[in-house]
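The values are calculated or read from the model by the stated rules, or taken from the named source; none is laboratory data. Since the structure is predicted, the reported quantities are computational estimates derived from the model, not experimental observations. In this analysis, Cβ positions are derived from the backbone assuming ideal geometry, glycine residues included, and neighbour counts consider all displayed protein chains. Protein only, heavy atoms only, side chains kept; ligands, DNA and RNA dropped before computing areas. Shrake-Rupley method; radii C 1.70, N 1.55, O 1.52, S 1.80 Å.
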Amino acid sequence: MLEESGSGMVRLRNGQVVFDRFVEAGTNPISRAEIARRTGLSKPTVNTLVQDLEAAGVVRCNPSAQPSQGRIGRPAASYELVPDAALVVGVDMGATKTIIGVADLLGDVIAAEQIETPADAVAAVNAVVTATRRLLEGLGERGSRLEAACMGVPGVYRPTHDRVEMAPNLPGFVDLPIRAELSDRLGVEVTIENDVNLATVGEANEMAGKGTKHFAAISIGTGIGMGMVMEGALYRGAHGAAGEIGSVKLPRVGGEVFHALTLEDVASAPAIRKLFHRSVEAGWRTGLEGDADVPAIFAAASRGDQAATTALDIAADAVAFATSYFCWVNDPTLVVFGGGVGSNPIFVDAVRARIGRYLTVIPEMAPSTLGGRAAFLGAISTALAEVRGSLVAKRLARRNEG
């Protein structure tokens with residue numbers, strides 16, 4: 001095999017270097033001479049490697065290159081990446097909804113759908129497999145080019161046991177070897193990751209180039225979780241459970257009514273709805289119906305609605321308290337709030353207004369610009385990183401064997 005010899009290893013390594021330049025160029029064509037200039041490789045080496053990548057179906061000659069007007073001789077041939085030479089699947093499995101999508105080598109999502117998450121983990125995995133196969137079949141021949149997948153789960157993934165734990169909003173993971181199950185049924189290697197960690201990866205990609213190396217992404221929706229980036233890298237902790245901020249105990253929230261509860265008990269979407277109902281029962285005036293959802297409650301609070309304001313104040317103060325503990329220990333530059341609750345600007349403003357009670361140095365705080373797609377985009381990015389790092393070796397080795 002190609003990779004067993006020293007020269008073969010050098011060729012694969014150089015092939016990866018050339019491939020990376022095509023990925024950087026994106027949809028823009030690039031000449032072999034330009035690749036040689038950027039990589040420091042010799043022109044004959046680049047010519048050979050581009051030919052290898054072209055034969056492997058990874059790059060192609062750009063037919064639109066035309067000689068410049070008045071130029072003598074042939075123009076330099078330019079090449080471009082074949083975006084759908086390989087595909088990845090990204091999945092964000094939430095407690096109530098699941099997003100499944102297929103993306104190409106440039107990260108462009110070419111097929112996606114959202115489904116309701118079934119009530120237990122086994123049924124949810126079955127639904128993901130069914131939806132994935134449906135999306136791939138809809139792509140025709142391109143659907144056979146799937147190389148990897150990544151799925152976010154609403155709990156802590158233990159890779160040594162291939163098991164998801166601490167997922168109270170989606171029971172049934174205990175006896176499910178989820179990575180092995182999905183890898184076998186989809187026919188590719190599948191990465192499993194905590195959904196909030198993937199949302200953090202999505203946020204990190206969104207902030208790429210801004211120089212932010214220390215930040216947290218707190219997702220607040222049906223549940224609450226946090227992902228942390230330290231020195232520019234995702235931090236998972238010794239057992240993959242870093243960032244379980246939703247389990248923080250609150251010593252005192254809302255006077256005597258709420259005590260010894262976790263953050264998730266007070267500030268998740270279901271908890272905020274309960275706070276609103278209790279505020280109404282306590283006699284606070286409201287113009288909302290009893291079944292108002294969280295965005296409506298926040299909007300009403302911004303207009304001075306008493307019951308809605310009371311609910312918002314309690315939830316925001318609880319989040320400010322819990323967030324302050326993380327800030328004291330890790331000193332982030334930025335805290336990004338995501339999820340159906342967290343990404344609401346009204347909620348972020350309320351947290352910002354209260355966190356000064358607990359901190360002396362307040363980080364920048366902002367709602368996510370990715371909304372509910374952060375974890376899904378993080379899953380796509382994670383799967384792509386795997387494929388971009390292994391595709392050249394697979395394709396060139398396969399071609400050599402042929």
Give a residue-ordered list of calculated ³J(HN,Hα) values for the range 159-166 (Karplus: 6.51 cos²θ - 1.76 cosθ + 1.60, θ = phi - 60°; whole Hz; x for Gly, Pro). x, 5, 10, 6, 8, 9, 10, 6
Please list the non-local residues whose amide H lies under 5 Å from the amide H of VAL82, H modeled 1.01 Å from N, same-chain partners needing a gap of 5 or more. VAL59, ARG60
Descending accessible area (1.4 Å probe), largest on the left, turns ASP265, ASP104 into ASP265, ASP104
What is the angle, in °, between the Cα long axis of helix 195-206 and the longest principal axis of the Cα atoms in the chain? Nearest 10 is fine, range 0 to 90. 60
What accessible surface, in Å², does a 1.4 Å probe find on LYS274, ignoring ligands, DNA and RNA and rounding to the nearest 10? 130
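With all protein chains present and a 1.4 Å probe, how do TYR358, TYR325 order by accessible area, largest first?
Listed by decreasing accessible area, they come as TYR325, TYR358.
Return the Rg/Rh ratio of the range 211-357 with Cα-based radii and a Kirkwood Rh.
Rg/Rh: 0.99.
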What list of ³J(HN,Hα) values in whole Hz, one per residue of the range 23-38 in order, does the Karplus curve 6.51 cos²θ - 1.76 cosθ + 1.60 (θ = phi - 60°) give from phi, with Gly and Pro shown as x? 5, 4, 6, x, 8, 8, x, 9, 8, 5, 5, 5, 5, 4, 5, 6
Past 31 Å, Cα to Cα: identify those pairs from LYS213/LYS249; LYS43/LYS210; LYS97/LYS249, in the order given. LYS43/LYS210
Among 139-147, 93-101, what's the highest-first ranking by average C-beta atoms within 10 angstrom per residue? 93-101, 139-147
Given a 1.4 angstrom probe, I'd like the percentage of the accessible area of the chain that is carbon and sulfur, rounded to a whole number. 51
For LYS394, give me every one of the aspartates and glutamates with a C-alpha distance below 18 angstrom, ignoring sequence neighbours fewer than eight places off in its own chain. GLU3, GLU4, ASP20, ASP52, GLU54, ASP84, ASP104, GLU147, GLU189, GLU386
What accessible surface, in Å², does a 1.4 Å probe find on ILE30, ignoring ligands, DNA and RNA and rounding to the nearest 10? 10
Just the number please: accessible area per residue for the chain, 1.4 Å probe, all protein chains included, in Å². 46
Karplus-derived 3J(HN,Hα) from phi for the range 311-317 (6.51 cos²θ - 1.76 cosθ + 1.60, θ = phi - 60°), whole Hz, x at Gly and Pro, runs 5, 4, 4, 5, 5, 5, 5
Round to the nearest 10 and report in Å² the accessible area of MET9, as given by a 1.4 Å probe over the protein chains' heavy atoms. 90
Which entry is the computed Rg/Rh (Cα atoms, Kirkwood Rh) for this structure: (1) 1.09; (2) 1.24; (3) 1.06? (3)
Amide H proximity to ALA111 below 5 Å, modelled H, separation 5+ or other chain, gives VAL102
Work out the length of the dipole vector of the chain about its Cα centre, built from +1 on the beta-carbon of each Lys and Arg and -1 on the beta-carbon of each Asp and Glu, and round it to the nearest 20 debye. 1280
Kindly rank 127-136, 174-183 from highest to lowest mean number of other beta carbons found within 10 Å of each residue. 127-136, 174-183
